[in-house]
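The values are calculated or read from the model by the stated rules, or taken from the named source; none is laboratory data. Keep in mind it's a predicted model, so treat the numbers as computed, not measured. Backbone-built Cβ (ideal geometry, glycine too); neighbour counts: all protein chains shown.
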Amino acid sequence: MRMRKKKWAQPYLDAHPEYALQNAEEYKGKWKQVLGCTVLHVEIGIGKGDYLNSMAAMYPDEGWVGIEKEHNVAAIACRKALELETMHRQRMIVADGIDLEQWFAPGEIDVIHLNFSDPWPKKYTHKRRLSSERFLNLYRSLLAGGGRILMKTDNQGLFTDSVDCFRSHGFTITEYSENWRGQPHPEDAVTEYESRFIALGQPIYRLCAVPERNAADAQVC
């Protein structure tokens, strides 16, 4: 269900350009310098920002950029982030992830996170999935040597189709789990949203994929 429009959302985003960037293209090729990091994470579709914020707190020396196209939830994410001490190594872009090449240079991103993305279940909407061919082509060009994609979802159909799509378009699956939370993973933040599925006994599916050119250099996910 789409969130009801919040009148305060856009004015709030406009009032905080230090976090909700209005000129993200100016950072292209400079993210690590600007954020003072050597590892750059990009999460596409951050929702209310809980995962991004939690991971930034767990890994404060690494850089974190969140992308969210829905202004209502982006404003909530912005408000939450501005309350954190880790904000100096975080930024948010309020736009559609299909425009990644406008904001990031080739080889600039170390880790791309896809968390509980919209499954776009109808066949004619599959091309809009964040794990569809057109997005995978973007990711491949923007990932650094040894870079990787981490994907989590509660949707089995999306997961199965995504695995096939990754393998069919030049990626190697280096990690595959149909019950990611069946074992403790303290290195990976659990958000309130994910906790709901866990409480219902819903398995969480997770994969790590690397471009085939990176497979030999890929880090353990």
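One table, with the values for the structure above:
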| quantity | calculated |
| --- | --- |
| Some residue of the range 63-73 being in contact (Cβ under 8 Å) with a residue 60 or more places away in the chain, part of a helix (DSSP H, G or I), β-branched (Val, Ile, Thr) and out of contact with any His (no Cβ under 8 Å at 6 or more places or on another chain) | yes |
| Of all residues making up the range 54-67, the number that are under 12 Å from the mean Cα position of the chain (by Cα) and either among the hydroxyl-bearing types (Ser, Thr, Tyr) or under 14 Å from Thr191 (Cβ atoms) (or both) | 2 |
| Which numbered condition Leu21 misses (of (1) surrounded by fewer than 19 Cβ atoms within 10 Å (Cβ to Cβ); (2) in contact (Cβ under 8 Å) with a residue 24 or more places away in the chain; (3) within 19 Å of Ile112 (Cβ to Cβ)) | (1) |
| Counted residues, the range 142-183 - those being part of a helix (DSSP H, G or I) and acidic (Asp, Glu) | 2 |
| Complete set of residues in the range 1-33 that are within 21 Å of Ala105 (Cβ to Cβ), at pLDDT below 95 and either touching a helix residue (DSSP H, G or I) at 6+ places or on another chain (Cβ under 9 Å) or basic (Lys, Arg) (or both) | Gln22 |
| Pick from the range 129-141, criterion part of a helix (DSSP H, G or I) and out of contact with any Pro (no Cβ under 6 Å at 6 or more places or on another chain), ranking: surrounded by the most Cβ atoms within 10 Å (Cβ to Cβ) | Tyr139 |
| All positions within the range 74-83 that are assigned to a helix (DSSP H, G or I) and more than 11 Å from Leu13 (Cβ to Cβ) | Lys80, Ala81 |
| Unmet requirement for Glu26, which otherwise passes all of (1) farther than 10 Å from Val94 by Cα; (2) assigned to a helix (DSSP H, G or I); (3) in contact (Cβ under 8 Å) with a residue 12 or more places away in the chain | (3) |
| Restricting the range 142-182 to residues that are basic (Lys, Arg) and without any contact (Cβ under 8 Å) to a residue 24 or more places away in the chain, the residue that is surrounded by the most Cβ atoms within 10 Å (Cβ to Cβ) | Arg181 |
| Residue within the range 100-109 that is touching a helix residue (DSSP H, G or I) at 6+ places or on another chain (Cβ under 8 Å), free of Cβ contacts under 8 Å to residues at least 12 places away in the same chain and over 26 Å from Leu13 (Cα atoms) present | no |
